Amino acid sequence: MFWLQVKNLFGQLGVEFTVVELNQIENGPALQDALEVISKQRTVPNVFINKTHLGGCDATERAHRENRLAAMLRAGEEEVTAGHPELESYDYDLVVIGGGSGGLAASKEAADLGAKVAVLDFVKPSEKGTTWGHNIEDANKFGWDVNAESAKHQWDAMRDAIQDHIGGLNWGYRVSLRTKEVTYINSMGEFVGPHKLKCTNRKGKSEEITAKFFIVATGCRPKYPNMPGVKEFGITSDDLFSLPYCPGKTLVIGASYVSLECAGFLAALGLDVTVMVRSILLRGFDQQMAEMIGDHMTKHNIKFIRPCVPTKVEKIKDGEPGTLRVTATMQKDGSEIVGEYNTVMFAVGREPCTKSLGLDMVGVKVNTRNGFILVNEEEQTACPYVYAIGDVIDGKPELTPVAIQAGRLLAKRVFGASKVKWACCDAESVVQMDYTNVATTVFTPLEYGAIGLSEEDAVKEYGVSSIEVYHTYFDPLEWTVPHRDENTCYAKLICLAAQKLRVVGLHVLSPNAGEITQGFALGMKLGATKADFDNLVGIHPTCAEIFTGLTKTKRSGVEVAASAC
């Protein structure tokens, strides 16, 4: 349904639009005749922007891809701005609300461009990483005399080292802001009027500041399910590395990458770990890869309870750690199960920090279903002087590097479009953040790297007959001596048959998957085809070279078990 595609596009961009359904109104045929005279188009959807005819679905999506759509929408900005009066003067050119990676990147970039900038950073206390651990286990197989059972992990030492590292990072951020002459305000921000923000510190003291522009970069925090005992006795990933004691036997509730990464990390330290999952693993990721991750974790002593939903958490014994009783319901038959654990960690998703910002005071709109901020192609909200970046915006990858890149580009567009040149070319800084083909990695015990579309999304977007999937299992060389699992690592390329086998999805389950996907991301950005991958000369012996020689397709049904190199 082409009209639905257009509606979804404008919805994702946070654009207000009016829909006239010709088949639902009495004079629909007459109106369609009139539109044909005006636009020379009889088919629907028939899109007009600011009284200018754009065309149908293809024309709208093409304008979006070519960045013309944003310009057409901006053409009506004068009318919008009339409802947001300018002030005679401002305390700052830019105020960034949120001191995370994206906010810091935007603030420092804007300061470099000569803007007077302030950053508000306030973190409410919570309600209450990469893996390691195989080295000791493998050492004996390489000739070292090491007893894995006698090797003891010191939780206190690790926690203190992590907290010291975090403290060092925070101090470094403060120093870099001071060097850039960015004002740091340790207060919570709330819009109270046009261009005006109330800043409240931990002691409850408030002051008001004004700015010409604002960037909301408040990010997300872990959310809790609505059930008894959760906030009293449960923790989240925010609390894990601050625990004053080793968590002991742990139940991790959730199927997100945070859940699986934390479970893998704790299991690598030798702890008894169980993961409780409501339905599927890693929603939004390729499901074949997600199930392979679950299978690998199961083989390595991580237990899964699924499909299952917890109903309450009770404390039955005090201590550090104490003992908690968890009651849950199995989804298949409705039966009740009960288990006892030392620690219960919830990783059931994250929610945006937007509720206390007073966004409605300046007309910023959010997705009413989840609270995430709606923005257009330029990260601009419904209020023309308020922008948003990072995890807090709706429908974009919640990744630190994405927030950093978006923040830098936004600052260039707002404060440097007429004077800042890219180092590599003469183009002015009007470049928008490209959210497509963003590489990401899930740091489970066996890493999962992904770029582009999952197989499910590729089928949904292009149809099963239009894609060709090249795949294989493989055995990393470093696994051969310690005799690690065979036919566990896996790679696949998802290609469009009608576009010279252009690669639209790359997936790998492998040691160091993040290092592999980072390099291939450039090729994906440049529209690499299967022939481009085939023409690469691999580096031997590496896991990445597997992508230079994929020959078997899923459609062929040929066996893809790993063979010796």
Per DSSP, the loop-located GluC sites (Glu not before Pro) within segment 147-226 having at most 16 other beta carbons within 10 Å are Glu149, Glu181
Measure off 7 Å from each Cα along the Cα-to-Cβ vector at Asp112 and Gln432, then give the distance between these two points in nanometres to one decimal.
-> 2.3
Per-residue Cβ contact counts at 10 Å, fewest first, order Ile494, Ile280 as Ile280, Ile494
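Which chymotrypsin sites (Phe, Trp or Tyr not before Pro) does segment 193-245 hold that lie in a coil by DSSP with at most 14 other beta carbons within 10 Å? List each step's numbers first, then the result.
On the way: sites: Phe213, Phe214, Phe233, Phe241, Tyr245; in loops: Phe241, Tyr245.
Sparse-neighbourhood loop chymotrypsin sites (Phe, Trp or Tyr not before Pro): Tyr245.
To the nearest 20 debye, what charge dipole does the chain have about its Cα centre, counting +1 at the Cβ of each Lys and Arg and -1 at the Cβ of each Asp and Glu?
Details: 58 positive and 70 negative charges, 117 e Å.
Computed about the Cα centre, the dipole is about 560 debye.
Where both residues lie in the chain, what percent of DSSP beta bridges are antiparallel, nearest 5? It would help to have the intermediate numbers written out before the result.
Values: 58 of 88 bridges.
Antiparallel bridges make up about 65 percent of those DSSP assigns within the chain.
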Packing-based exposure ordering (other Cβ within 10 Å, fewest first) of Tyr184, Tyr387, Tyr173 = Tyr184, Tyr173, Tyr387
Rounded to whole Hz and in sequence order, give me ³J(HN,Hα) for segment 520-525 from the Karplus expression 6.51 cos²θ - 1.76 cosθ + 1.60, θ = phi - 60°, writing x for Gly and Pro.
-> 6, 4, 5, x, 5, 4
Projecting the Cα atoms of Tyr173, Phe213, Met292 onto the charge dipole of the chain, where Lys and Arg contribute +1 and Asp and Glu -1 at Cβ, the residue farthest towards the positive end is Phe213
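Quick one: grab the alpha carbon gyration tensor of segment 480-561, order the square roots of its eigenvalues as a ≥ b ≥ c, and give me rounded if a/c is under 1.5, else prolate or oblate depending on whether a/b is larger than b/c. Kindly include the intermediate steps, with their values, before the conclusion.
Details: a/c = 2.07, a/b = 1.37, b/c = 1.51.
Oblate.
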Please work out the Cα center distance from segment 349-391 to segment 425-481, rounded to the nearest Å.
-> 28
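Would you compute, from DSSP H runs of 4+ residues alone, the mean residue ellipticity of the chain at 222 nm, taking -39500 (n - 2.57) per run and dividing by the full residue count, rounded to the nearest 500? Working shown, then result.
Numbers: 16 runs with 163 residues, N = 565.
-8500 deg cm²/dmol, from helical runs alone.
With +1 on each Lys and Arg Cβ and -1 on each Asp and Glu Cβ, how big is the dipole of segment 331-489 about its Cα centre, in debye rounded to the nearest 20?
That gives a dipole near 940 debye.
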When the Karplus curve 6.51 cos²θ - 1.76 cosθ + 1.60 is applied with θ = phi - 60°, which whole-Hz ³J(HN,Hα) does each residue of segment 539-547 get, with x for Gly and Pro?
-> 9, 10, x, 10, 6, 4, 5, 4, 6
Could I get the Rg over Rh figure for segment 224-321? Both from C-alpha atoms, Rh via Kirkwood, rounded to two places.
-> 0.96
Compute the projected area of the convex hull of the Cα atoms of the chain, averaged over all viewing directions, and report it in nm² to one decimal place.
-> 32.3
Quick one: what are the phi-derived ³J(HN,Hα) couplings along segment 337-350, Karplus 6.51/-1.76/1.60 with θ = phi - 60°, whole Hz, x for glycine and proline?
-> 10, 9, x, 10, 9, 7, 9, 10, 10, 9, 9, 9, x, 10
In Å, the C-alpha Rg and Dmax of segment 331-399 are 17.9, 53
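Please order Thr343, Thr400, Thr218, Thr354 by the number of other Cβ within 10 Å, starting at the fewest.
Working: Thr343 25, Thr400 15, Thr218 29, Thr354 21.
By the 10 Å Cβ count, ascending, the order reads Thr400, Thr354, Thr343, Thr218.
We did not get these values from a lab; they are worked out from the coordinates using the rules stated. Source: prediction; values computed, not measured. Note: ideal-geometry Cβ built from the backbone for every residue, glycine included; neighbour counts use all protein chains shown.
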